[in-house]
Amino acid sequence: MTYFLENTWLPTPAPEGTWSFTLTNLSDAPLADFKLSLTSITRIMPTYDLTGATFLRRYANFHEFEPADATPIAPGESWSFEVTGINRSPFHRNDAAKTAWITLADGTHTIVQVGDLMHAGEAPVRPRERLPEGKLTLPFALLPWPNQIDATAGAAPVILYAADDVSVADKRLMLAIDALHTRLFPTAQTVFQLTPALGGRAVNFAEDGSLPTEGYRITFEDQITVTSSATEGRRYGLIALAQILHGAYADPDYKFPATGTIDDAPRYDWRGCHLDVSRHFWSHDEVLRVVDMLAWQKLNKFHWHLTDDEGWRAEILAYPELTQAGATRGADVPAMLPQLGDGSETKHGFYTQDQMRAVVAHAGDLGIEVMPEIEMPGHSACVLAALPQLVDPDEPANSYYPVQGYFNNALNPAVPETFTVLETVFDELATIFPSKYIHIGGDEVASNAWMTSPLALALMEKEGLKGTFELQSWFLRKIKETLTARGKIMVGWNEIAHGGGVPPEGTLLMAWENPQVGIELASQGYDVVMTPGQAYYLDMVQSDDWLENGAGWAGPVTPEQSYTYEAEGDFPPELRGQMRGVQACIWCEHFTTRQWFNDLVFPRLSAVAEAAWTQTENKDWQRFARQVRLHPEL
Ligand code: TNX
């Protein structure tokens with residue numbers, strides 16, 4: 001280590017306070033003629049006051065400074081500076097510099113080690129326990145908890161094996177679930193095999209056309225019988241058996257049913273989980289593992305957030321620029337500078353079309369539908385960096401920025417090629433994703449976007465449109481027609497309804513800003529999936545302790561809140577039918593490592609999975625809290 005950066009936040013002057021920095025030179029040579037860059041979600045605003053440094057530039061979360069005084073920093077000495085005029089006061093230790101580096105006059109970069117943000121004058125408190133001890137109601141490891149269970153506890157069999165007359169298809173299904181279990185818990189023992197084993201129990205299958213597609217019944221007699229009307233239910237029955245046996249070996253408090261019945265079916269058809277792979281790129285293997293984790297918890301929709309300002313991750317053969325320039329960030333990449341968690345090195349990441357097809361196939365084998373998301377018109381900085389011909393050349397740079405600080409980041413509806421690109425993208429995606437759903441984003445366009453674009457102003461004049469959101473609605477209606485022509489249902493975030501929205505028939509919106517917005521959308525005729533940040537955003541801090549990691553705009557979101565929240569709670573009965581289900585969202589600005597992923601996602605993902613599956617009257621926070629400890633990890 002040669003350089004170390006400390007940063008502290010002081011709450012004065014109100015409301016945002018002061019952010020102070022000290023860079024110490026621990027190398028053997030004086031440090032002179034250099035710039036300091038850092039990535040931080042707390043950002044310096046256009047109006048600021050800085051002492052000890054000059055602020056050179058900012059690009060979203062990237063910041064660059066140089067010392068106000070050019071005197072070299074001798075070995076062992078430090079340079080300090082402080083700033084007021086930040087976008088909001090930080091509230092946890094990862095809210096400030098996540099990474100930093102020095103750039104010398106010759107252009108070389110050296111990584112700087114960064115300490116946690118300190119809260120001046122306050123000792124950090126150890127975060128509270130996330131889960132109470134909890135209490136089992138029945139000694140069976142099963143999450144989400146089934147809607148009906150009546151069973152006596154016995155000893156665990158050494159293994160479950162296929163009864164004599166099990167079909168080849170069902171044998172394959174048993175082995176697929178066994179493989180899923182082994183992938184998730186590599187050190188645990190096998191749960192299913194094909195041939196009889198001493199001390200094992202036989203599993204048979206039966207059909208009952210009256211059960212819902214995803215429902216299953218398990219009867220425990222000498223033999224165990226899994227009854228279903230379709231493969232989906234059969235798979236869930238096998239996952240239930242795998243979980244129960246896994247638990248019985250993992251924790252002595254769990255047993256295996258000797259006799260009895262489980263009769264189960266999901267509460268909602270849409271049991272989703274979203275993953276942002278733009279802010280932090282998760283490898284193909286990691287994505288496959290996330291899909292495995294969803295399957296284990298009986299979630300059935302994987303919403304793959306493939307693009308955002310920070311990077312485009314889906315290979316499009318007609319536009320290789322999207323996954324070259326559009327998926328490359330680095331200190332030496334002027335159009336896409338490093339963002340949260342990046343060092344100075346160039347980072348690149350995308351999925352080939354074959355890799356995406358492999359994810360679709362893998363998920364399909366586990367009963368999960370994959371819905372791709374391509375963000376538009378906002379959150380598109382990477383597209384405009386990759387395809388600069390989509391920018392109105394006469395629109396001034398830096399003329400607007402939305403909440404996340406990316407200047408001029410919305411696709412311009414008045415540039416005709418915008419539609420050519422998007423139609424080509426949809427055509428290629430349709431060859432990869434069989435799902436009838438395509439999510440097109442639609443969130444967080446700056447309220448003054450395009451208002452200095454001569455092309456946009458001319459279009460608005462011609463079409464009689466007023467303001468950003470009427471223009472957005474005009475754009476989205478065209479996108480909806482494009483999707484309808486391709487047999488796809490348009491899915492988007494709740495702001496799709498702004499400025500007149502799009503026709504509600506065949507449109508599905510995700511209510512994220514708050515629960516109330518879901519009810520408003522339903523009353524306007526839209527179908528709705530509930531993903532409110534206040535309960536289902538897994539990137540929110542889990543308590544207000546300084547040592548937590550995560551976002552705060554809707555937080556803190558405790559695991560208990562994710563669990564107990566009732567998404568249809570305030571829906572008037574006549575609108576309930578439009579509430580299609582619930583979804584967890586994994587936004588990755590703060591997910592700079594796999595460890596942080598696990599820390600933030602669990603146990604809350606399991607809480608949402610149970611809220612999606614288990615009827616209100618069968619939910620029990622204490623029982624859940626005791627059971628959730630067996631969750632898988634990334
Ligand atoms: C809002 S949710 C966003 C995302 C952020 C998230 C962080 C939504 C549709 N937009 O771009 O990642 O908050 O919590």
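The values are calculated or read from the model by the stated rules, or taken from the named source; none is laboratory data. Note that the structure is predicted; figures quoted are calculated from it, not measured. Every residue, glycine as well, gets a Cβ built from its backbone with ideal geometry; the counts of neighbours run over all protein chains shown. Each accessible area value is taken on the protein alone, full model and side chains, heavy atoms only, with ligands, DNA and RNA left out. Shrake-Rupley method; radii C 1.70, N 1.55, O 1.52, S 1.80 Å.
Some points to look at:
- Here ASP116 sits with roughly 60 square angstrom of accessible surface, probe radius 1.4 Å.
- The equivalent ellipsoid of segment 149-264 has semi-axes of 20, 16, 14 Å, largest first, where each one is the square root of 5 times an eigenvalue of the Cα gyration tensor.
- Normalising by residue count, segment 524-606 has a Cα convex hull of 103 Å³ per residue.
- Segment 1-103 - Debye-derived log10 I(q)/I(0), Cα point model, q = 0.15, 0.16 Å⁻¹: -0.58, -0.66
- Scaling against 2.2 N^0.38 Å puts the C-alpha radius of gyration of segment 245-391 at 1.34.
- Evaluated at q = 0.29 Å⁻¹: base-10 log I(q)/I(0), Debye formula over Cα of segment 65-130: -1.46
- Note on segment 270-503: Kirkwood radius taken over Cα pairs, Stokes-Einstein applied at 10 °C and 1.306 mPa s, translational D equal to 88 µm² s⁻¹.
- Tilt relative to the chain, helix 604-613 - C-alpha long axis, 0 to 90 degrees, to 10: 50
- Signed unit charges on C-beta, dipole axis of the chain, positive-most listed residue HIS109, ILE149, ALA258: ALA258
- Three-way shape label, segment 464-531, alpha-carbon gyration tensor, a/c 1.5: oblate
- Diffusion coefficient, µm² s⁻¹, Stokes-Einstein with Kirkwood Rh over alpha-carbon pairs of segment 51-190 at 20 °C and 1.002 mPa s: 94
- Just so you know, the Cα atoms of the chain work out to an Rg and Dmax of 26.4, 84 Å.
- C-alpha long axis of helix 454-463 to longest principal axis of the chain, angle in °: 60
- For segment 560-634: Kirkwood Rh in Å [reciprocal of mean 1/r, alpha carbons]: 13.8
- The order of the peptides 597-606, 583-592, 61-70 by mean Cβ neighbours within 10 Å, most packed first, is 583-592, 597-606, 61-70.
- Aspartates and glutamates whose Cα lies under 18 Å from that of LYS436, excluding same-chain neighbours fewer than 8 positions away: ASP269, ASP365, GLU369, GLU373, GLU375, GLU423, ASP427, GLU428, GLU481, GLU505, ASP527
- Scalar couplings 3J(HN,Hα) for segment 19-33, obtained by applying the Karplus form with A = 6.51, B = -1.76, C = 1.60 to θ = phi - 60°, are 10, 10, 10, 9, 9, 10, 8, 9, 7, 8, 10, x, 10, 9, 6 Hz; x denotes Gly and Pro.
- With R₀ set to 22 Å, the beta-carbon distance separating ALA458 from VAL333 gives a calculated FRET efficiency near 0.10.
- Taking the inverse of the mean 1/r over every pair of distinct Cα atoms in segment 233-332 gives a Kirkwood hydrodynamic radius of 16.9 Å.
- The helix-only estimate of mean residue ellipticity at 222 nm for the chain, built from DSSP H runs of length n ≥ 4 each weighted as -39500 (n - 2.57), is -7500 deg cm²/dmol after division by the residue total.
- For segment 111-210, the Kirkwood radius over C-alpha pairs fed into Stokes-Einstein at 25 °C and 0.890 mPa s yields D = 132 µm² per second.
- Given their separation in residues at 0.36 nm each and the Cα-Cα distance between them, ASP222 and MET45 gain 56.8 nm when the chain is fully extended.
- Listed peptides 118-126, 503-511 appear in the order 503-511, 118-126 once ranked by packing, highest mean of other Cβ atoms within 10 Å at the front.
- Surface composition of the chain: carbon and sulfur make up 52 percent of the accessible area, probe 1.4 Å.
- Separation between Cα centres of segment 434-511 and segment 211-262, rounded to whole Å: 45
- Helix axis angle, 353-365 relative to the chain longest principal axis, alpha carbon, degrees: 30
- log10 of Debye I(q)/I(0), alpha-carbon scatterers only, for segment 406-499 at 0.16 Å⁻¹: -0.68
- Solvent exposure of segment 270-503 amounts to 31 Å² per residue of accessible area, where only protein heavy atoms count and the probe is 1.4 Å.
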